[in-house]
Amino acid sequence: SQYLPLLYRFYDIVTGTKNLAVDLHIGGGINLYSDSLTELLNPFNYILLLFKRADLYKAVNILLILYTLAASLSANLVLDRISKKTDSYLKIALSVTYGMSYYMAYQYEIIRWMYIVVLFPFLYLALLRLLEDTKPLAFIFLLAYTFVLSLQFGIQLCMFSFVYSICYILNENRDGTNTAVDAHKCLLIGISLIAAVLNR
């Protein structure tokens, strides 16, 4: 009841029957601008265009399945990158567990947050690469994109990144002052990028 109207609005905007910024039926539409922009930037929503507008409430089931599969796949891809020696069957089992545990936790809450769990393994990998090799661009981009999609999850990922970077440096038993500073600079750059694009 909370999310389906936004998917109908997304469908109408993409098919050209509604305006992105103006909807005279809902407070001039200004209050829905950021929501509409969020839906337009979510690639999963474009699957809905394969269905008729009258069938969107059924298409949400397809979205749930796709989010779960994508979360499992992203976890598997990241596990392949960070753990070459782990048995492939164990990686698959862990990836499916990740996808299903997320699915069970959020399927009855807010569907629009599901893509964050798809992105999280990639953001974790980007943060790890930043701490190991000082390659900041992927981390900055993913953090900014997460903020565009969800302010709440963007803040949570900032907290996760801050705490993880400190724990990583302490666990490595090295002088990680420069690495920590670089990681925290990238956090500020990612937040600054979204502040320039979308005021929430």
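Computed over the Cα atoms of the stretch 42-136, pair by distinct pair, the Kirkwood hydrodynamic radius stands at 14.5 angstrom.
Within a straight-line Cα-Cα reach of under 27 Å, residue 91 can be paired with the following lysines, leaving aside sequence neighbours fewer than 8 residues apart in one chain: 135. Spin-label pair residue 185-residue 61: with each label point 7 Å from Cα along the Cα-Cβ axis, the two points sit 5.2 nm from one another.
Each value in this text was obtained by applying a stated rule to the coordinates, not by laboratory testing. Keep in mind it's a predicted model, so treat the numbers as computed, not measured. For neighbour counting, all protein chains shown are included, and Cβ atoms are generated from backbone atoms with ideal geometry for every residue, glycine included.
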